[in-house]
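Below: one structure, written as structure tokens.
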Amino acid sequence: MPAGQQEMTRADAPVVTHGPDSHAVDSVIRRRFANRRYARRPVSQQMITDILEVARFTPSGANIQPWRVYVLAGPEKDKVSQALLRAHTDERDQHASEYAYYSPELPEPYLSRRNEFGRIFYGSLGIAQSDLAARAGQTAKNYGFFGAPVGLLLTIDRRLATGSWLDLGMFIQTVMIAAGARGLQTCPQETFAKYHRPLRELLPISAEEMVVCGISMGFAEEADTRGLMPKVAVGEFTTFVGFADATEGDPSWDTAKT
């Protein structure tokens, strides 16, 4: 392959001769949750490669594919975890993310949803929202990847614009769905962005790369296979325009012709 030429991803894509199993896909998405308890069961490099092999087909504007992934396991993951924990414990106030995840003043209904998350999440752990020390202790568990055997760190080139962040978000979701299809659970974690400086000391992250988030990945403990967070109904965030009232069984859509 000539230098600089990208791999053509469509030529080697499998030919699909039938429609997707929507129930299987729906089930993976519905069962996905931010898992924070992992079984002590290893995950092979090949399985992660297979997941990323699927995720590389994520769409991106002008096909620029703005994601970069660092996959950690074993002693190297432990070394990164220890550095992050030291930074979080000893010098928390000296670190800051390079981007703003939340608006400084959340309008409604988003503020109420975030407050509800805090009540449900910390309440499930027996932690009062006013107990800052206990909350910091729970946050610290992020940096051990919640005991997951694999941790991913994702970066984006800081010279790119907002549209590429949309592409990166689709890539992250695709990674989590592909992991779920293989029986794994995940937890996307923005908190790694705060400690980009110690991460740069341990990983070959270039100056142009901005640390966006991490993902813990592994098999969930049996006792922790349910999600806690309520989701709003479709009618609360969707406006349908131009649809007839009765669309079920519409004979004008003939799947045999597609």
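Restricting the search to the stretch 65-102, which residues are among the small types (Gly, Ala, Ser) and closer than 26 Å to Glu208 by Cβ?
If we filter the stretch 65-102 for residues that are among the small types (Gly, Ala, Ser), which is where we start, we get 73-74, 81, 83, 87, 96-97, 100.
Matches in the stretch 65-102: Ala73, Ser81, Ala83, Ala87, Ala96, Ser97, Ala100.
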>> Looking at (1) of a type outside the set (Val, Ile, Thr); (2) at pLDDT 95 or above; (3) not in a loop (DSSP other than H, G, I, E, B), which one does Ala223 not meet, given that it meets all the others?
In response: (2)
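The values are calculated or read from the model by the stated rules, or taken from the named source; none is laboratory data. Remember, it's a predicted structure, so these values are computed and weren't measured experimentally. We place every Cβ from the backbone using ideal geometry, glycine too, and count neighbours over all the protein chains shown.
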